[in-house]
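Chemist: Take a look at the following structure, please.
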Amino acid sequence: MDSKKLKQALTGGIIATSVMTMIMLAAPMMGMPDMKIGNMMAGFMGIPVWLGWAMHLMIGIVWAMVYVFLIKDRLTLNPAIKGMLFALLPWILMQLMVMPMMGMGVFSANSPNPVMMVVGTMMGHLVYGLVLGLSTKGE
């Protein structure tokens, strides 16, 4: 395994997930729905909240590995655009698979405010992709 790419993926995944998480935690202050995914995962899986948040970070790192090892070098776009386009993949999969498993429905249809939840989660994922693209742009 390419150690340089592994370092990029780990660093980029931690940074991008951390920035996305800060935005998610601030979402209610911006009029968006509460999006504490770590708490949601913990409640769904019956695990401690800290473990739900740790899983959220690990998922962000895994997606960063997918990006760095499979996508990043295949596209010739601006790194920010490349990362944001990539981030639409985990966002769509989350809305089609994860949200229904948590009882929120496809595209958050069962949430208290589906449109705001869909838009809010998309914004968070686009920020993740932006930061991931920029933090892994080095050769």
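Please treat every number below as a calculation from the coordinates, not as lab data. Since this is a predicted model, take the numbers as computed values, not measurements. A quick note on method: Cβ atoms are made from the backbone with ideal geometry, for glycine too, and the neighbour counts reach across all protein chains shown.
Chemist: With a/c under 1.5 counting as rounded, go ahead and sort the chain into rounded, prolate or oblate using the C-alpha gyration tensor (a ≥ b ≥ c being the square roots of the eigenvalues; past the cut-off, prolate if a/b is larger than b/c, else oblate).
Modeler: prolate
Chemist: Order the peptides 126-133, 53-60 from the highest to the lowest mean number of other Cβ atoms within 10 Å of their residues.
Modeler: Ranking, from highest mean packing down: 126-133, 53-60.
Chemist: Related question: For the chain, what number of Lys pairs, 8 or more residues apart or on separate chains, have alpha-carbon atoms under 15 Å from each other?
Modeler: Summing the qualifying lysine pairs gives 9.
Chemist: So, one more: List the relative contact order of region 76-139 as a percent without decimals, with contacts defined as Cα pairs under 8 Å and 6+ residues apart.
Modeler: The value is 50 percent.
Chemist: With a sphere of radius 12 Å drawn around the Cβ of Leu132, what net charge do the other residues whose Cβ falls strictly inside it have (Lys, Arg +1; Asp, Glu -1)?
Modeler: Taking every Cβ under 12 Å from that of Leu132, the sum is +3.
Chemist: May I ask you to sort Phe69, Phe86 by Cβ crowding, counting other Cβ atoms within 10 Å and putting the fewest first?
Modeler: Fewest-to-most Cβ neighbours within 10 Å comes out as Phe69, Phe86.
Chemist: Please sort 76-83, 18-25 by packing, taking for each peptide the average over its residues of neighbouring beta carbons within 10 angstrom, highest first.
Modeler: Result, highest mean Cβ count within 10 Å first: 18-25, 76-83.
Chemist: Normalised by the residues of the chain, what does the relative contact order come to in percent, with Cα pairs under 8 Å and at least six apart?
Modeler: The value is 34 percent.
Chemist: Can you tell me the 0 to 90 degree angle between the C-alpha axis of helix 114-135 and the longest principal axis of the chain, rounded to 10?
Modeler: Orientation of helix 114-135: about 20 degrees from the principal axis.
Chemist: Once you order the gyration tensor axes a ≥ b ≥ c over the Cα atoms, which shape class does region 42-85 get: rounded for a/c under 1.5, otherwise prolate or oblate by comparing a/b with b/c?
Modeler: Prolate, since a/c reaches 1.5 and a/b exceeds b/c.
Chemist: Right, next: Once you place label points 7 Å from the Cα toward the Cβ at Leu96 and Asp2, how far apart are they in nm?
Modeler: A separation of 2.8 nm, rounded to one decimal place.
Chemist: Right, another one. Mean-square fluctuation check for the chain, GNM, Cα pairs under 10 Å: which of Met30, Met104, Met94 is largest?
Modeler: Result: Met30 has the largest fluctuation of those listed.
Chemist: Run lengths n ≥ 4 of DSSP H only: what is the helix-derived mean residue ellipticity at 222 nm for the chain, with -39500 (n - 2.57) per run over all residues, to the nearest 500?
Modeler: -21500 deg cm²/dmol
Chemist: Rounded, prolate or oblate, given the Cα gyration tensor of region 1-46, with a/c below 1.5 counting as rounded?
Modeler: oblate
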